[in-house]
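Visitor: Sharing a structure here in structure tokens format.
Bear in mind that the values in this text are calculations on the coordinates, not laboratory data. None of these values were measured; they are calculated from a predicted model. Every residue, glycine among them, receives a Cβ derived from its backbone with ideal geometry; neighbour counts consider all protein chains shown.
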Amino acid sequence: MRRILVVEDETSIREMIALNLRMKNMEVLEAESAEAALALLDTNPACDVAILDVMLPGMNGFSLCENIRRTDNAIGIIILSAKSQETDKIRGLSIGADDYMTKPFSVSELMARVEALCRRVARSAGETAETGRLVSGEFVLDENSHMLLKNGRQIDLTQVEFQIMELFFKNPGTALVREKILKGVWGENYFGDVKIVDVNIRRLRMKIEDEPSNPKHILTVWGYGYRWN
Ligand code: CA
């Protein structure tokens, strides 16, 4: 059963969200403050998704999001905010939220997003790899959610980094010439320099290798390109 944390100080909104989640057959943990939410997270089995209001008494939703992310990369986080400014949205997403909704929101849309996020957060017991998942050693690349997991830990990738990984996963052990990576990711009509491939590979190594200077997964094929190991 999916377990969802709802953090919202306005009782009517919190109860309305909780009711709708329970109607979807999900287990709901309700908290009216960030502090109460952290206590709940400490004493309960891991949640699949957390819905966090921003304006809360005490610690706000952004800080709560950062707090949760410090110890839990797997949980899906939806920020709920009265602020519709783009900077808030960007802030929310940059501190580790997966999704962002502005109040007033449609409950059915929120439910749809929770369900979508639940599908991406593959942590419930007994869950098996589904289609759209490329597995390579300790890595799982989820083509539906555009996430890379290393030993179950989520690694955030940009769109371009994701596409490079996709190319690697589909051609394991194959030396890929840099021009092929460039065309595969940036498109046939991209006339930029192949150096952009190197820049992105360097960044990918920082994210996925234990020792970026001594890569074990993205290997350099001198004078040619790269190979996924
Ligand atoms: Ca509030």
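Visitor: Going by what's in this entry, would Ala116 be described as aliphatic (A, V, I, L, M), part of a helix (DSSP H, G or I) and in contact with an Asp or Glu (Cβ under 7 Å, 6 or more places away or on another chain)?
Guide: no
Visitor: From the list Val221, Val194, pick out the single residue that is more than 20 Å from Ser136 (Cα to Cα), touching a residue at least 12 places away in the same chain (Cβ under 8 Å) and surrounded by fewer than 19 Cβ atoms within 10 Å (Cβ to Cβ).
Guide: Criteria check complete, one pass: Val194.
Visitor: Can you name the residue in segment 81-92 that is in a helix (DSSP H, G or I) and within 16 Å of the ligand (Cβ to nearest atom) and is also nearest to the chain's Cα centre (by Cα) among such residues?
Guide: Gly92
Visitor: Give me the pairs, please: first residue somewhere in segment 160-183 and hydroxyl-bearing (Ser, Thr, Tyr), second residue anywhere and surrounded by 17 or more Cβ atoms within 10 Å (Cβ to Cβ), beta-carbon distance under 9 Å, and either six or more positions apart or on two chains.
Guide: Hits for this filter: Thr174/Phe168; Thr174/Arg227; Thr174/Trp228.
Visitor: Residues Trp186, Trp228: which one is in contact with a Pro (Cβ under 8 Å, 6 or more places away or on another chain) and of a type in the set (Phe, Trp, Tyr)?
Guide: Trp228
Visitor: Within segment 60-80, can you find the residues that are assigned to a loop (DSSP other than H, G, I, E, B) and within 12 Å of the ligand (Cβ to nearest atom)?
Guide: Result: Asn60, single match.
Visitor: Please determine, by comparing only the residues of segment 197-216 that are touching a residue at least 40 places away in the same chain (Cβ under 8 Å) and in contact with a helix residue (DSSP H, G or I) (Cβ under 7 Å, 6 or more places away or on another chain), which one is surrounded by the fewest Cβ atoms within 10 Å (Cβ to Cβ).
Guide: Result: Arg203.
Visitor: Related question: Using the structure shown, decide if Lys103 is within 16 Å of the ligand (Cβ to nearest atom), of a type in the set (Lys, Arg) and more than 19 Å from the chain's Cα centre (by Cα). So that I can check it myself, show each step before the final result.
Guide: Values: within 16 Å of the ligand (Cβ to nearest atom): yes; of a type in the set (Lys, Arg): yes; more than 19 Å from the chain's Cα centre (by Cα): yes.
Yes: the conditions hold for Lys103.
Visitor: Which residue pairs have Cβ atoms closer than 7 Å, lie 6 or more positions apart in sequence or on different chains, and pair a first residue in segment 33-57 that is free of Cβ contacts under 8 Å to residues at least 40 places away in the same chain and more than 10 Å from Glu8 (Cβ to Cβ) with a second residue that is more than 13 Å from the ligand (Cβ to nearest atom) and polar (S, T, N, Q)?
Guide: Every condition considered, the pairs that remain are Ala34/Ser63; Leu38/Asn67.
Visitor: Keeping to segment 1-56, report how many residues are assigned to a loop (DSSP other than H, G, I, E, B) and either among the hydrophobic types (A, V, I, L, M, F, W, C) or within 16 Å of the ligand (Cβ to nearest atom) (or both).
Guide: If we filter segment 1-56 for residues that are assigned to a loop (DSSP other than H, G, I, E, B), which is where we start, we get 1-2, 8-10, 24-26, 32-33, 44-48, 54-56.
The next check asks that each one be either among the hydrophobic types (A, V, I, L, M, F, W, C) or within 16 Å of the ligand (Cβ to nearest atom) (or both); those that pass are 1, 8-10, 26, 32-33, 46-47, 54-56.
Selection size over segment 1-56: 12.
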